[in-house]
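Engineer: Before anything else, here's the structure in question.
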Amino acid sequence: MKKELLFLFYILFYATIYGQNSIAELYRNEDYESLSKFEDKDSSLNGEELYMVGYAFYRLEQDEKAVELFDKAIAKGFDNGITHHYKSISLTYLKKYEEAAKEIDIALQKEPNNQEYMNQKGLIYKSMGLDDKALDYFEEATRYPNTYGEPFFWVAYLYHGKQDFEKALKQYYLAAEKVPKHNRYYVATLQSIGQLEYSYTQNYQKSALAYTEAIALRPKDYKWYPKLIKSYNAAKEYEKADQIFEVLKTAYANKELPEDELNIKMVSIDEFEWKKQKLNIFKSLEDPKKVLDISYKVYLLNKVDENIERVFTVEKTIQTQGGTKHLLCEQKTDSHLTYPYGWKTDKISLEDLKKAIVLILENQIKPTASSN
């Protein structure tokens with residue numbers, strides 16, 4: 001009888017140890033789906049284990065359940081800053097902003113110098129659309145010991161939203177120093193620097209440097225490659241732009257690009273202005289093989305609402321010995337115009353293309369053929 005009782009004790013003991021270790025192990029391994037199944041055993045779990053299960057629901061975007069488990073963890077003594085912090089985040093996603101603010105205040109009472117908690121307080125007010133109040137908390141968070149870095153990004157982001165581009169750019173560069181590289185907002189910081197250096201300061205070399213670093217960190221995030229190409233082209237570094245375009249062509253062939261670029265089969269590679277009207281140049285991701293295949297499209301936008309006003313194309317034609325291989329054309333609603341301007345090789349100079357478009361716009365080149 002004693003042996004049987006002893007055997008039963010060992011089974012219960014090891015079952016308990018195994019249960020505890022499995023929760024901690026699942027938490028370490030980020031196996032949130034399996035971890036969430038411990039919800040039914042909540043009465044037998046201690047406070048820390050309840051927090052881990054609550055965190056699993058938080059990561060699974062089941063915030064109602066997450067809040068419920070965090071409350072149980074607090075009730076069982078796991079009443080610390082981190083639990084109130086994640087409870088606050090879940091409440092923010094649930095748009096229970098007043099409750100979320102109370103929870104983050106409790107977290108800050110427990111850990112007064114925690115930069116991440118103060119950043120969360122800013123995010124609550126940003127979620128409410130109270131950007132000025134959010135900015136106050138983000139700026140306060142930047143004065144805390146820098147253990148998190150993210151509030152530096154949000155300060156820049158909110159100044160960017162206010163269209164205070166000079167201050168925003170300065171703050172983005174500060175964020176690039178303060179935000180850890182593993183934080184997703186580091187790449188967002190670089191992308192914003194690239195955007196402002198391109199459009200605001202027109203320092204295309206600095207823009208290209210920012211996009212290059214962002215792409216090096218996220219090489220499969222192809223939406224930023226056209227931005228880098230445009231920066232290189234604006235800086236007249238055409239060879240570098242062509243090299244990046246070739247990377248995009250390979251990604252297109254492998255069906256790795258975003259769906260819209262796979263569908264339209266072209267990417268924006270440059271833009272310029274003529275008499276205060278914008279023109280965008282797109283280049284085909286497929287090599288032209290047959291007659292009328294388009295290698296470039298150039299869109300002239302109107303001044304009022306930037307809708308498309310005219311569309312120019314570079315199209316493959318029948319090439320005779322030493323003759324033109326690609327012709328400059330224009331697509332209209334009910335007709336197709338051909339201009340006496342073309343290229344004998346597949347290598348089309350971007351500068352030459354832009355010059356030809358301007359000559360057409362200024363009526364110095366007129367169409368020689370028209371078809372329906």
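Engineer: So how many residues does segment 312-342 have that are aromatic (Phe, Trp, Tyr), over 15 Å from Leu292 (Cβ atoms) and under 38 Å from the mean Cα position of the chain (by Cα)?
Structural biologist: So the count comes out to 0.
Engineer: Against the conditions (1) in contact with a helix residue (DSSP H, G or I) (Cβ under 6 Å, 6 or more places away or on another chain); (2) crowded, with 21+ Cβ neighbours inside 10 Å, where does Tyr157 fall short? Just the number, please.
Structural biologist: So Tyr157 meets the others, but not (1).
Engineer: When you go through (1) outside the structural domain of Glu213 (by TED's automatic domain parsing); (2) more than 24 Å from Arg59 (Cα to Cα); (3) not hydrophobic (A, V, I, L, M, F, W, C) one by one for Tyr173, which number turns out not to apply?
Structural biologist: Every listed condition holds for Tyr173 apart from (1).
Engineer: Here's another thing I want to ask about it. For segment 247-299, give me each residue that is at negative phi, surrounded by 12 or more Cβ atoms within 10 Å (Cβ to Cβ), assigned by TED's automatic domain parsing to the domain that holds Val358 and assigned to a loop (DSSP other than H, G, I, E, B).
Structural biologist: Leu285, Glu286, Pro288, Asp293
Engineer: In segment 228-246, which residues are over 20 Å from Ser192 (Cβ atoms) and assigned to a helix (DSSP H, G or I)?
Structural biologist: Within segment 228-246, Asn233, Tyr238, Glu239, Lys240, Ala241, Asp242, Gln243, Phe245, Glu246 qualify.
Engineer: Any residue at all in segment 358-369 that is closer than 15 Å to Leu292 by Cα and in contact (Cβ under 8 Å) with a residue 12 or more places away in the chain?
Structural biologist: So far as segment 358-369 goes, yes, one or more of its residues are closer than 15 Å to Leu292 by Cα and in contact (Cβ under 8 Å) with a residue 12 or more places away in the chain.
Let's see how each residue does on (1) touching a Ser or Thr at 6+ places or on another chain (Cβ under 7 Å); (2) outside the structural domain of Val314 (by TED's automatic domain parsing); (3) in a helix (DSSP H, G or I):
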| residue | (1), (2), (3) |
| --- | --- |
| Thr333 | no, no, no |
| Lys347 | no, no, no |
| Asp352 | no, no, yes |
| Lys355 | no, no, yes |
| Val358 | no, no, yes |
| Gln364 | no, no, no |
| Pro367 | yes, no, no |
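The values are calculated or read from the model by the stated rules, or taken from the named source; none is laboratory data. Note that the coordinates shown come from a computational prediction; the quantities given were computed from them, not determined experimentally. Because the Cβ atoms are built from the backbone with ideal geometry, glycine has one as well, and the counts that use them run over all protein chains shown.
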